[in-house]
Amino acid sequence: MQLIPCPWCGPREETEFHYGGQAHVAYPQDPAALTDEAWARYVFFRDNPSGPFAERWSHSAGCRRWFNAVRDTRTYDLLAVYDAGEPMPDLGERDEVVS
Amino acid sequence: MTADTSSRTSPLAAWADRLAGLAPALTVVERPFLTQLTVRASDPDAVAALGAALGVAFPADPCTFTRGDGPFGDVEVLWLGPDEFLVVARSDLDPRVPVEEALRTALGSARGAVVDTSAQRTTVALAGPHVRDVLAHGCAVDLHPSAAPTGTCVQTLLARAGVILQVVDAEAGVFTVLVRSSFAEYLAAWLSDACVEYLAGVS
Ligand SMILES: [Zn+2]
């Protein structure tokens with residue numbers, strides 16, 4: 001079973017968590033000003049890297065707090081966990097694959 | 001026939017005999033109708049004031065609970081989140097409003113909330129030589145005394161039902177499970193089933 005390190009509760013089973021998609025997707029400053037295409041890009045389009053990916057997670061069956069995690073999509077390794085609202089931490093020398 | 005609403009019926013009232021039958025491998029006793037208050041506060045001064053009003057300091061560390069005797073008797077404060085706590089007091093406080101009011105007064109103008117959630121959960125006290133074995137059938141959290149000492153309080157899944165699990169006495173193997181009233185009978189049935197293999201072995 002995959003363990004996810006909640007910043008508050010420590011490592012817990014993946015089944016206690018809820019996935020929240022890509023992190024750091026900013027809500028548009030002025031949504032009404034967006035074209036349909038730009039709005040669709042905000043709502044539906046997400047990165048799909050092969051490698052480290054910053055994601056939002058909620059410890060829904062535990063402390064019910066949202067946090068961010070960097071997960072390597074190739075290995076499922078959780079490389080870093082940090083507070084929602086903080087910038088993605090520098091992971092140093094990583095063989096990041098950008099498709 | 002009209003329903004009798006003059007007396008309270010606890011969520012596990014109908015299960016008392018069946019749960020008692022699990023002893024001595026597992027002793028399961030419902031402690032119904034405890035006073036439970038959900039407290040939200042993040043300001044450290046406000047949290048300290050809330051603790052002073054209860055006579056029990058609020059838990060400073062995640063996944064722990066504190067216990068003490070104050071003006072409202074034996075009270076526990078459970079950590080539920082970085083700004084969220086559950087105050088559990090005796091059931092025979094009458095009326096229970098003063099606890100709520102004392103906490104609201106202590107909170108003052110600080111941002112937060114005190115909400116009576118007594119009906120949300122019932123409380124089940126677990127003990128016995130096989131309590132960890134039974135819990136391990138449905139709970140992935142490590143409950144060995146070295147990993148979960150006395151005072152640990154985790155929110156997790158027990159047999160896929162959301163629970164709050166308190167380690168009351170790690171050495172003696174005494175636990176408290178708070179479960180939502182609507183899940184209580186399911187959990188009682190699961191406990192009965194998970195305990196079957198230990199009933200014959202304990203004489
Ligand atoms: Zn957590």
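Considering the stretch A:35-92, the residues that are open to solvent by less than 30 Å² (accessible area, probe 1.4 Å) and in contact with a helix residue (DSSP H, G or I) (Cβ under 9 Å, 6 or more places away or on another chain) include one that is farthest from the ligand (Cβ to nearest atom), namely A:61. Pick from B:77, B:88: which is open to solvent by less than 30 Å² (accessible area, probe 1.4 Å) and over 22 Å from residue A:59 (Cα atoms)? On inspection, the qualifying residue turns out to be B:88.
Within the stretch B:125-139, identify whether any single residue is hydrophobic (A, V, I, L, M, F, W, C), more than 28 Å from residue B:20 (Cβ to Cβ) and more than 14 Å from every other protein chain (Cβ to nearest Cβ), and answer yes or no. Before you say what the answer is, go through the steps one by one.
The first filter runs over the stretch B:125-139 and keeps only residues hydrophobic (A, V, I, L, M, F, W, C), leaving B:125-127, B:131, B:134-136, B:139.
Right, trim to more than 28 Å from residue B:20 (Cβ to Cβ) and you get none.
No, every residue in the stretch B:125-139 fails to be hydrophobic (A, V, I, L, M, F, W, C), more than 28 Å from residue B:20 (Cβ to Cβ) and more than 14 Å from every other protein chain (Cβ to nearest Cβ).
When B:13, B:46, B:110 are screened for being exposed (fewer than 14 other Cβ atoms within 10 Å of the Cβ) and at pLDDT 95 or above, only B:13 passes. If you go through the stretch B:107-125 one residue at a time, how many are within 19 Å of the chain's Cα centre (by Cα) and more than 18 Å from residue B:86 (Cβ to Cβ)? Matching residues across the stretch B:107-125 total 0.
Within the stretch B:141-176, the residues that satisfy the criterion of being of a type in the set (A, V, I, L, M) and either open to solvent by less than 10 Å² (accessible area, probe 1.4 Å) or within 17 Å of residue B:123 (Cβ to Cβ) (or both) are B:148, B:154, B:158, B:159, B:161, B:163, B:164, B:165, B:167, B:168, B:170, B:174. Those strands (runs of 3 or more DSSP E) of the stretch B:98-166 in which 2 or more residues are within 16 Å of the ligand (Cβ to nearest atom) and outside the structural domain of residue B:43 (by TED's automatic domain parsing) occupy B:153-158.
The values are calculated or read from the model by the stated rules, or taken from the named source; none is laboratory data. The model shown is predicted, which means the values in this text are computed figures rather than measured ones. Counting neighbours? That spans all protein chains shown, and the Cβs are built from the backbone with ideal geometry, glycine included. Accessible surface areas use protein heavy atoms only, side chains included; no ligands, DNA or RNA. Shrake-Rupley method; radii C 1.70, N 1.55, O 1.52, S 1.80 Å.
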